[in-house]
Amino acid sequence: MKRVDTGLYFDAEAREMERRDREMIPRTALLGMLALALSALGLASYASITDRMPSGQPEPAVVLAERTFVLDGDGVAVSAVQPDGTVLLDTENGAFIAVVNDALVRKRVVHGIQGNPPVTLSRLANGRLTLSDPATGWMAELTSFGAGNARHWNVLFEN
């Protein structure tokens, strides 16, 4: 059934909404987003086809200090205990450590890891801190999240 233009305000408002909805995202913006996506795909494809070496990665560095411990937590409280039973950390507010522990737990669930195997925290010569999980191959560059968050992990080297 075709609508009859009665000239009422409601009909004028409907026509205005129809015009507005048609131009909600400008055509040039859509074309720009498409060009950006295709450019990124083209660059990634070129790098893959030509076996271009990865760039923008940190240089390998010597390990200055290393701690292996079992990290356990409940989303807020965190504890870190070395395999010999030495308690490195036991706190009710784990802050950034609790966040990283949640990511670690999720990675282990995805990989089907049973139990809670130890992780390794490494301080490198170039100032970076890394946390690695040998059970899954997962690694986190802790200094990438800022100096304030990385400071939380220094407590584990003080004991």
Self-check item: Degrees between helix 9-22 axis and first principal axis of the chain (Cα, 0 to 90, nearest 10)
Solution: 50 degrees
Quiz item: Extent of the chain along each principal axis, from alpha carbon coordinates, in Å, largest to smallest?
Solution: 85, 46, 32
Quiz prompt | Mean accessible surface per residue for the chain, computed with a 1.4 Å probe while every protein chain stays in place, in Å² | solution = 71 Å²
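Expressed as a whole percentage, what fraction of the accessible surface of the chain belongs to carbon and sulfur atoms when a 1.4 Å probe is rolled over the protein heavy atoms? Numbers along the way, then the final one.
Details: 6600 of 11250 Å².
Within the chain, the accessible surface is 59 percent carbon and sulfur.
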Practice problem: With a cut-off of at most 11 other beta carbons within 10 Å, and DSSP calling the residue loop, which trypsin sites (Lys or Arg not before Pro) in segment 83-159 qualify? Please list them. | Solution: none
Quiz item: Which value at 222 nm does the chain reach when only helices count, each DSSP H run of 4 or more adding -39,500 (n - 2.57), with the total divided by all residues and rounded to the nearest 500 deg cm²/dmol?
Solution: -13500 deg cm²/dmol
Quiz item: Computed over the Cα atoms, what is the radius of gyration of segment 46-132 divided by 2.2 N^0.38 Å, N being its residue count?
Solution: 1.37
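The values are calculated or read from the model by the stated rules, or taken from the named source; none is laboratory data. Quantities reported herein were computed from a predicted structural model and do not represent experimental measurements. Every residue, glycine among them, receives a Cβ derived from its backbone with ideal geometry; neighbour counts consider all protein chains shown. Remember, those area values only see protein heavy atoms, side chains included, never the ligands or the DNA or RNA. Shrake-Rupley method; radii C 1.70, N 1.55, O 1.52, S 1.80 Å.
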